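Here the structure comes first, spelled out in structure tokens, and everything after it is commentary.
The values are calculated or read from the model by the stated rules, or taken from the named source; none is laboratory data. In this text the structure is predicted, and so the values were computed from the model without any measurement. Note that each Cβ is placed from the backbone with ideal geometry, even for glycine, and that neighbours are counted across all protein chains shown. Protein only, heavy atoms only, side chains kept; ligands, DNA and RNA dropped before computing areas. Shrake-Rupley method; radii C 1.70, N 1.55, O 1.52, S 1.80 Å.
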Amino acid sequence: MDIEEELFANYEAHEAALRAYGFTENGGALVYGTPLPAPDLKLVVSYDGSFRGRVFDTAMGEEYSNFRRPGATGFSAEVLQMFTDALTDIRTKCCRNLFFRSAQMRRLCVFIRESFGSGPEFLWKKLPVFAAFRRKESGKWFALAGAVPRSKVDHDASSDEKIEVLNIKIEKTRLAGLLAHKGIYEAYHMNKKSWVSVILDGTVGDEEIQALLKEAYGSVQK
């Protein structure tokens with residue numbers, strides 16, 4: 001995942017806000033340019049459904065991309081920080097946080113809030129697309145949502161496209177029966193004896209997932 005993908009994951013841009021910010025039409029995209037707080041460096045950001053930022057050295061007349069190298073240090077690290085700060089400001093002022101990519105997860109989020117009074121908690125700075133749901137009385141998690149490569153969950157998958165999954169806590173006696181259902185897999189990054197992962201692509205219906213969530217919520221009351 002590159003810098004832009006990570007920064008704008010689960011965010012929806014508002015074109016009117018982008019225009020108010022200073023973006024203008026250019027070649028079918030909205031484009032914004034601004035000097036960076038370093039000598040002779042200019043940032044150009046384009047948006048055509050996704051964001052892409054480029055840094056140019058105006059004195060040399062060429063693009064500067066060293067800051068994208070893993071483990072950037074020194075001046076490159078400083079430019080990386082400037083770049084990240086500038087894009088974060090655009091995100092803050094011009095985008096809306098969708099929290100989740102899939103419509104199914106957004107529906108389930110509403111169900112969880114209305115049924116249990118629990119909202120998503122984004123606890124990991126390095127994993128901004130992961131959120132935990134916990135029972136307030138006990139403080140225990142009963143579900144965990146996130147986006148992962150499909151093959152991390154479905155080991156027979158030929159695609160590594162990012163998909164949204166919901167990890168749900170279960171009673172251990174339910175494991176074998178649930179894993180027999182299409183769309184339900186061994187838990188990703190959780191205890192595989194007491195959690196399962198559900199791929200949120202509509203394979204498993206909302207009502208089935210809601211029933212599992214009710215069971216999970218009831219199991220963490222202490």
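At a glance:
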quantity	calculated
Contour minus Cα-Cα distance for Arg54 and Ala103 (0.36 nm per residue)	14.5 nm
Helix-only CD estimate at 222 nm, as mean residue ellipticity for the chain, using -39500 (n - 2.57) per DSSP H run (n ≥ 4)	-9000 deg cm²/dmol
The range 26-169: relative contact order in percent, alpha carbon pairs under 8 Å with at least 6 residues between	10
Reachable lysines from Lys140, criterion Cα separation under 26 angstrom, eight or more residues apart if same chain	Lys125, Lys126, Lys152, Lys169, Lys172, Lys192, Lys193, Lys214, Lys222
Gaussian network model of the chain, Cα within-10 Å springs - most flexible of Met105, Met60, Met190	Met60
Selected from Pro35, Ile163, Ala17, residue furthest toward positive end of dipole (the chain; charges at beta carbon)	Ile163
Of all accessible heavy-atom area on the chain, the percent that carbon and sulfur account for (1.4 Å)	49
Sequence of Trp124, Trp195 when ordered by accessible area, the most exposed leading, probe 1.4 angstrom	Trp124, Trp195
Rg and Dmax [Cα atoms of the range 1-62; Å; Rg one decimal, Dmax integer]	12.6, 36
Computed over the range 55-156, Kirkwood Rh from alpha-carbon pairs, angstrom	17.2
Rg/Rg_globular for the chain, with Rg_globular taken as 2.2 N^0.38 Å and Rg from C-alpha atoms	1.24
Accessible area per residue, Å², the range 1-46 with all protein chains present, probe 1.4 Å	53
Proximal aspartates and glutamates relative to Lys93, as straight alpha-carbon distance under 16 Å, when same-chain residues fewer than 8 apart are discounted	Glu4, Glu12, Glu15, Asp85
Cα convex hull of the range 43-88 - mean projected area over all directions, nm²	3.6
Radius of gyration and Dmax over the Cα atoms of the range 92-222, both given in Å	14.3, 48
Calculated Rg and Dmax of the range 1-113 using C-alpha coordinates, Å	16.0, 55
More than 13 Å apart - percent of Cα-Cα pairs taken over the range 159-217	58
